[in-house]
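Structure first, commentary second.
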Amino acid sequence: MKTILVSILSLMGFGSIASAQLTIDDCQQQAKENYPLIRKYDLIRQSKNYNLSNVAKAWLPQVQLNARATYQSEVTKIPIDFSQLGALGSLFPEIPTPTKDQYQVTIEASQVIWDGGAIRSQRKLAEAGSEVESQQLEVEMYALEDRVNQLFFGILLCDAQLEQNRFLTDELQRNVVRVQSFMESGVANQSDLDVVRIEQLNAKQVRTQIQSARRAYVEMLGLMLGQELPENMVLVKPDINNASFALAGSTRNLRINRPELQFFSAQARLFDAQKALIKSSFLPKLGLFLQGGYGRPGLNMLSDEFDAFYIGGVRLSWNFGALYTQKNDLRKIEVNKNAVDTQKDFFLYNIRLSASRENQELQRLHALMQDDDEIVSLRENIRKSAEAKVENGTLTVTDLMRELTQENIARQTKTAHEIDLLRAIYNLRNVTN
């Protein structure tokens, strides 16, 4: 039973550590899902559906109710007096004169047959406007990736520094034991041991600082991912052999697929939709209508009685007033479109500068890493030689600590170059997408 229990606890511990491992792609995905702006995608979609639904309803029959009561200074009269005809005049009915107060209630239903493409243009305008909002949100969401990258590689750098600090601490402890043995044989004294212990305390302080920085990075990353990350969170370091695709001599022909480019294209399509809508406003409109009403007078203007009436037919309307401002409206849209094109060119200019800078950084780090292994190996040999000289009494412990420090610096430099190279690769990826 004890064996089974130990096995279960071991598996549970292993599972918790495994579940605490995160890759940079996991972090990017979780950060986007937790970002508050992610909910805006659904709001944009809903707004688009409402706008398209409203535009489509323009094809439905439109019903309008009107009512009016008027008093006019003059009414229609028939200037014929049948009484002057004598007895013959009695054969003709008296023609009534309408009253000056008139009342009318009408209800009219109209159906668009052809609108010059205005409804189609409004639909395209609604779709283009929604696409601009979505692409603008994509730009805001994309900026999140760089923030996640900086935190992720900051934690990796802390982990690498802690690993080198552990190596230094082990070496210092080994030298403490060695100096104590030298003291027993009379080769070293207390001051030599104090030198090593000072270095131990310095290494301890450095470790405390690194651990504090790591905790801060982990806490910030956890806030971005929407979960509380444990302090022993293990981040999976990307394979530098698979990630170093970007090492190239020039970025002139580098492909750029940033969401800002889709945003600029969406704005251009929005301007085209606005131009189409303006042009359609000048075209004639054709439709059917049916009007029914009740009033005094009705359609018979010579009747002074309340009466019902109806009118039906085809209506053609053509607003020539749209020509007054059409050219200027189209020119304003063209100016705005040119401004977006200029903004796009400026953006690409800056992106290529950033890509060139990151690519040069890749080249520099890649070249530096070629010699890191040899430098570490040489520093290790020097340190071992110094240890032998201290043992023979031809070198002081202080000199040995200096060589050990130089070896530690060489190892940290090698690790920093590797992490910085990964960071630069992902920075270039972020710049170009």
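The values are calculated or read from the model by the stated rules, or taken from the named source; none is laboratory data. Predicted model, so just to flag it, every value in this text is computed and none were measured. Note that we place each Cβ from the backbone using ideal geometry, even for glycine, and neighbour counts take in every protein chain shown.
For first residues located in region 304-330 and without any contact (Cβ under 8 Å) to a residue 24 or more places away in the chain, partners that are in a strand (DSSP E or B) and among the charged types (D, E, K, R) and lie 6+ apart or on another chain with Cβ distances below 9 Å form the pairs GLU305/ARG296; ASP307/ARG296; ILE311/GLU108. Criterion applied to GLU108, GLU74 was being at pLDDT 80 or above and under 30 Å from ASN51 (Cβ atoms), and the one residue passing it is GLU108. Among the residues making up region 135-176, those that are aliphatic (A, V, I, L, M) and crowded, with 18+ Cβ neighbours inside 10 Å are LEU137, VAL148, LEU151, ILE155, LEU156, LEU157, ALA160, LEU168, LEU172. In a helix (DSSP H, G or I) and under 30 Å from VAL196 (Cα atoms): is that true of LEU378 in this structure? Yes. If you filter region 273-324 down to residues that are basic (Lys, Arg) and part of a strand (DSSP E or B), you find that the one that is nearest to the chain's Cα centre (by Cα) is LYS285. Of all residue pairs spaced 6 or more apart or on separate chains, those with beta-carbon atoms under 7 Å, a first member in region 207-223 that is assigned to a helix (DSSP H, G or I) and a second member that is among the charged types (D, E, K, R) are ARG215/GLU231; VAL218/GLU231; GLY222/GLU228. The requirement of being more than 28 Å from the chain's Cα centre (by Cα), surrounded by fewer than 17 Cβ atoms within 10 Å (Cβ to Cβ) and free of Cβ contacts under 8 Å to residues at least 24 places away in the same chain is not satisfied by GLN200. Quick one: which residue in ASN328, ASN336, ASN359 is of a type outside the set (Phe, Trp, Tyr), in contact with a Phe, Trp or Tyr (Cβ under 7 Å, 6 or more places away or on another chain) and not in a loop (DSSP other than H, G, I, E, B)? Matching residue, one of ASN328, ASN336, ASN359: ASN336. Based on this model, can you work out whether LYS384 counts as basic (Lys, Arg), assigned to a helix (DSSP H, G or I) and either closer than 30 Å to PHE182 by Cα or modelled with pLDDT under 85 (or both)? Yes, satisfied. The residue that is surrounded by the fewest Cβ atoms within 10 Å (Cβ to Cβ), counting only those in region 211-227 that are over 11 Å from LEU151 (Cβ atoms) and in contact with an Asp or Glu (Cβ under 9 Å, 6 or more places away or on another chain), is GLY226.
Of everything in region 320-373 that is modelled with pLDDT under 90, exposed (fewer than 11 other Cβ atoms within 10 Å of the Cβ) and of a type in the set (A, V, I, L, M, F, W, C), the residue that is farthest from LYS414 (Cα to Cα) is PHE320.
With respect to GLU145, determine if the residue is in contact (Cβ under 8 Å) with a residue 24 or more places away in the chain and part of a helix (DSSP H, G or I). So GLU145 fits the description; yes. Of all residues assigned to region 169-180, at least one qualifies as being at pLDDT below 90 and among the polar types (S, T, N, Q). Taken as a whole, the condition of being over 22 Å from GLN173 (Cα atoms), among the β-branched types (Val, Ile, Thr) and in contact with a helix residue (DSSP H, G or I) (Cβ under 6 Å, 6 or more places away or on another chain) applies to VAL431. When residues in region 302-315 are screened for being modelled with pLDDT under 90 and loosely packed, with under 11 Cβ neighbours inside 10 Å, 1 of them pass.
The single residue among VAL206, VAL179 that is more than 35 Å from the chain's Cα centre (by Cα), surrounded by 13 or more Cβ atoms within 10 Å (Cβ to Cβ) and over 30 Å from ARG423 (Cα atoms) turns out to be VAL179.
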